[in-house]
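Asks: Next up is a structure, given as structure tokens.
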Amino acid sequence: MPSVKSKPLTPYPDGATLRDVARHAGVSLMVASRALGGQVKGLRADALERAERTRTVARQINYRRDLAATAIRKGRYGSVAIVLSSGGARHSNLPADLLAAVTDALDERDMHLAVARLSDAALTDETRVPRLLRDLGADGLLVNYNQWVPPAMNVLIERHAIPAVWINDKRDHDAVYADEFDAGRRATRHLLAMGHRRIVYVCHAIAPERHYSEQDRRDGFTSAMNDAGLTPMMIAEDASADKAAKLAQVFASSDRPTAVVAYGITQATLAMLVAAEASLRCPRDVSLITFSGQPAHFGRVISMMCVPDAAVGRAAVDMLQKRITHASESQDSQRVTHTIDPGGTCAPPEL
């Protein structure tokens, strides 16, 4: 029996075949194929040793799987494409944790990821959309396109029965998204539980085409305040200068807020800067909580509701696998909840 430990093999310059791997490993073609395909669960110790030896030989002699032949044999490419808009962050946001979770989940399934950055014109083209899977060499799509979505894009994907799952887009089926209403409500309740009663929410002005989180976080805040019998206070301006001016005004009032819920890091940073200019210290004079996928610091760790990017990515791959297997069956959408990082910017109000 060959010993790959004692004598490393010479790589084949042009790549080895499966038959070469089997010959050097001293196994049959079937055993080599199963080992390199990851079909080793439940095997005895000696079979596991053969499988490991086969994979070692494959690495040493430069074996590459014939993906085209595999695709023809299985009727699948073993690939998923994530679709981004060429319009940039205005349409698509691809956090590092989400991307890592998607690639890890696919790797566990012996699949790989393709990335397609397409224009609105391409994604609403009656001739281009039906060819997407073929052109991308993919079995299904993860659509990471979640605001200002062209209506025709939805229609074409459904009309041509393309297996697709939408990431962080709030829709009834075939989508995985963060529960932003729940996050807004829980962030506000966190402050209420500390004794805060005068809480202001800082956000953008709401527009229908924007990301659903803008409306849902705001509605969650309003719900929590109403449940507590309190009047919601909001600063909803698009321009930072306008938000800063209104924040300065409310911080200077005799019944100023003792806490701020900010839509995102940009609004949180602005609130802390305006508070500092008014000689208010955080969290002694004003508490702050926001929403983000990554930790943030402003002299101290900002308290936040942590956007569940990794959980969304894994759940999206799980759902897409079901859509690929059962192409005609839509899946109920899945909401994923945030976790809370207490940070250092929330404390009971000074009475």
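Asks: Can you work out which of the residues in region 13-28 that are at pLDDT below 85 and out of contact with any strand residue (DSSP E or B) (no Cβ under 8 Å at 6 or more places or on another chain) is least open to solvent (accessible area, probe 1.4 Å)?
Replies: Per the criteria, the residue is 13.
Asks: Does residue 100 satisfy the condition of being under 30 Å from residue 37 (Cα atoms), open to solvent by less than 50 Å² (accessible area, probe 1.4 Å) and out of contact with any Ser or Thr (no Cβ under 8 Å at 6 or more places or on another chain)?
Replies: Answer is yes for this residue.
Asks: Given the structure, is residue 89 part of a helix (DSSP H, G or I), modelled with pLDDT under 80 and either among the charged types (D, E, K, R) or surrounded by fewer than 13 Cβ atoms within 10 Å (Cβ to Cβ) (or both)?
Replies: yes
Asks: Shifting gears a bit: Mind listing whichever residues of region 35-82 are at pLDDT below 65 and small (Gly, Ala, Ser)?
Replies: Of everything in region 35-82, those that are at pLDDT below 65 and small (Gly, Ala, Ser) turn out to be 42, 68, 69, 71, 75.
Asks: Out of region 192-213, which residues are open to solvent by 30 Å² or more (accessible area, probe 1.4 Å) and either within 16 Å of residue 234 (Cβ to Cβ) or among the basic types (Lys, Arg) (or both)?
Replies: 197, 198, 204, 205, 206, 210
Asks: Regarding region 248-269, can at least one residue be identified that is more than 30 Å from residue 165 (Cα to Cα), modelled with pLDDT under 95 and aromatic (Phe, Trp, Tyr)?
Replies: Looking for residues that are more than 30 Å from residue 165 (Cα to Cα), modelled with pLDDT under 95 and aromatic (Phe, Trp, Tyr), one finds none in region 248-269, hence no.
Asks: Just to confirm my filter: which strands (runs of 3 or more DSSP E) fall fully inside region 277-351 and include at least 3 residues that are modelled with pLDDT of 95 or more, surrounded by fewer than 18 Cβ atoms within 10 Å (Cβ to Cβ) and at negative phi?
Replies: Where strands (runs of 3 or more DSSP E) fall fully within region 277-351 and carry at least 3 residues being modelled with pLDDT of 95 or more, surrounded by fewer than 18 Cβ atoms within 10 Å (Cβ to Cβ) and at negative phi, they are 339-341.
Asks: Which one is surrounded by the fewest Cβ atoms within 10 Å (Cβ to Cβ), of the residues in region 173-182 that are among the charged types (D, E, K, R) and in a helix (DSSP H, G or I)?
Replies: Result: 182.
Asks: Of all residues being open to solvent by 40 Å² or more (accessible area, probe 1.4 Å) and free of Cβ contacts under 8 Å to residues at least 60 places away in the same chain in region 134-153, which is nearest to residue 317 (Cα to Cα)? Just the residue, please.
Replies: Ranking the qualifying residues of region 134-153, first place goes to 136.
Asks: If residue 170 meets every condition in (1) farther than 28 Å from residue 320 by Cβ; (2) part of a loop (DSSP other than H, G, I, E, B); (3) open to solvent by 30 Å² or more (accessible area, probe 1.4 Å) apart from one, which number is that one?
Replies: (1)
Asks: Only one of these is assigned to a helix (DSSP H, G or I) and within 14 Å of residue 236 (Cβ to Cβ): 185, 218. Name it.
Replies: Among 185, 218, only 218 is assigned to a helix (DSSP H, G or I) and within 14 Å of residue 236 (Cβ to Cβ).
Asks: Shifting gears a bit: On the given criteria, is residue 159 open to solvent by 20 Å² or more (accessible area, probe 1.4 Å), more than 24 Å from residue 317 (Cβ to Cβ) and at pLDDT 95 or above?
Replies: no
Asks: Go through region 188-211 and give me each residue that's among the basic types (Lys, Arg) and closer than 20 Å to residue 226 by Cα.
Replies: Selection gives 189, 197, 198.
The values are calculated or read from the model by the stated rules, or taken from the named source; none is laboratory data. Treat the numbers as computed from the prediction; the structure is a model and nothing was measured. Cβ sites come from the backbone with ideal geometry, for glycine too, and all protein chains shown count toward neighbours. Note: accessible area is taken over every heavy atom of the protein model, side chains too, but ligands, DNA and RNA are not part of it. Shrake-Rupley method; radii C 1.70, N 1.55, O 1.52, S 1.80 Å.
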